[in-house]
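Participant: Mind looking over this structure? Questions follow.
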Amino acid sequence: MYDFAFSKPTNVADAVKLLGDPDAKPISGGQTLIPVLKQRLNKPTTVVDLTKLGLSGITVTATTVTIGATTTHVTVATSADVAKAIPALAHLASHIGDRAVRYRGTIGGSLANNDPTADYPSAALALGATIKTDRRSIAADDYFQGMFTTALEPGEIITAVEFPIPEKAAYVKFPNPASRYAMVGVFVAKGPKGVRVAVTGAGQNGVFRHTAFETALAANFSAGALAGLATPADGMNADIHGSAAYRAHLVDVIAKRAVAAAG
Ligand SMILES: Cc1cc2nc3c(=O)[nH]c(=O)nc-3n(C[C@H](O)[C@H](O)[C@H](O)COP(=O)(O)OP(=O)(O)OC[C@H]3O[C@@H](n4cnc5c(N)ncnc54)[C@H](O)[C@@H]3O)c2cc1C
């Protein structure tokens, strides 16, 4: 790890000012950033801690669940309000990594990082979430722009994520047995924004919407509606954990399970 200065501002304006330095980097749970710094893959001059900005907490209305950016995975997983409004989201959070990761990692850090095998991006995309930052609101459809790439500008801070409450939703993940990251994860939702299916872990460009499945499920929201639809292997990840064809097959299997779970 290289030397760096460490700042812990107590309001968003001060954090944004510090992050105006292009060599400064925000940190939330540190579950991704610290390993990156340890491997000397990044060399910020200043690390700006976001955890004292007052961005933690969950607000539920009749139509939305809004989660502050520095809310930890365990807080979402154990929230009775989230479990009631969007049980699939609480379920997703409860299956991220291991206990230590869930106690430190945050929703804002996960969405800012946009790991192609992370869980939250699939929920944000399938539920049609809005990513709120210090300067604007970004629709999930515009936010995810490829592997580890988002619409965030340099120095822009995610402050919260707003999820519309769906009529039905479920998330099913086939986890890598070592890391628990998704080999394939499918989030299915039927809600105010229609039927939406988002797939994580599988695509070379990160999370994506499965439009063929969405069309079939919009006509008939049942696992049977997906019978006979085969996801092409083109564009799927291939690595030591599985071939592109294997991942494509997993998408088909996991999507049917997710629809069945959504009921
Ligand atoms: C062993 C292990 C297993 C894991 N398994 C899973 C898994 O199964 N599923 C899964 O989804 N994830 C998994 N993770 C990742 C975990 O969910 C992390 O919480 C997540 O990657 C990053 O969140 P963080 O709060 O730790 O972010 P940090 O590490 O603090 O930051 C990550 C990146 O986001 C930036 N950032 C942080 N917060 C903000 C913000 N509010 N606004 C703008 N930029 C910001 C940072 O500058 C950095 O570039 C795992 C991690 C580990 C170490």
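Participant: Where residues in segment 66-81 are in a loop (DSSP other than H, G, I, E, B) and not small (Gly, Ala, Ser), which of them is nearest to the ligand (Cβ to nearest atom)?
Facilitator: Only one residue fits best here, namely Thr70.
Participant: Can you pull out the residues in segment 149-171 that are surrounded by fewer than 21 Cβ atoms within 10 Å (Cβ to Cβ), more than 11 Å from the ligand (Cβ to nearest atom), of a type outside the set (Ser, Thr, Tyr) and touching a residue at least 24 places away in the same chain (Cβ under 8 Å)?
Facilitator: Result: Glu162, Pro164, Ile165, Glu167, Lys168.
Participant: Take the residues of segment 89-119 that are in contact with a helix residue (DSSP H, G or I) (Cβ under 9 Å, 6 or more places away or on another chain), in a helix (DSSP H, G or I) and aliphatic (A, V, I, L, M): which is farthest from the ligand (Cβ to nearest atom)?
Facilitator: My answer is Ala90.
The rows are residues; the columns are (1) away from the ligand (no atom under 12 Å from the Cβ); (2) not hydrophobic (A, V, I, L, M, F, W, C).
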position: Gln31; (1), (2): no, yes
position: Leu41; (1), (2): no, no
position: Val48; (1), (2): no, no
position: Val60; (1), (2): yes, no
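Participant: Sticking with this one: Whether any residue in segment 135-148 is part of a strand (DSSP E or B), free of Cβ contacts under 8 Å to residues at least 12 places away in the same chain and not polar (S, T, N, Q) is what I want to check.
Facilitator: yes
Participant: Related question: What are the pairs, 6+ residues apart or on separate chains, where a residue within segment 70-88 that is free of Cβ contacts under 8 Å to residues at least 60 places away in the same chain has its Cβ under 9 Å from a residue that is surrounded by fewer than 21 Cβ atoms within 10 Å (Cβ to Cβ) and among the aromatic types (Phe, Trp, Tyr)?
Facilitator: Thr72/Tyr103; His73/Tyr103; Val74/Tyr103
Participant: Taking only pairs six or more apart or across chains, which ones have beta-carbon atoms under 8 Å, a first residue in segment 228-248 that is without any contact (Cβ under 8 Å) to a residue 24 or more places away in the chain, and a second residue that is of a type in the set (Ser, Thr, Tyr)?
Facilitator: Partner pairs satisfying both residue conditions: Ala233/Ser243.
Participant: Of all residues being of a type in the set (Gly, Ala, Ser) and touching a helix residue (DSSP H, G or I) at 6+ places or on another chain (Cβ under 7 Å) in segment 57-82, which is surrounded by the most Cβ atoms within 10 Å (Cβ to Cβ)? Just the residue, please.
Facilitator: Ala69
Participant: So for segment 172-179 (the condition being at pLDDT 95 or above, in contact with a Pro (Cβ under 9 Å, 6 or more places away or on another chain) and within 15 Å of the ligand (Cβ to nearest atom)), does at least one residue qualify?
Facilitator: The answer is no; no qualifying residue exists.
The values are calculated or read from the model by the stated rules, or taken from the named source; none is laboratory data. Only a predicted model underlies this, so the values are computations on that prediction, with no experimental measurement involved. Cβ sites come from the backbone with ideal geometry, for glycine too, and all protein chains shown count toward neighbours.
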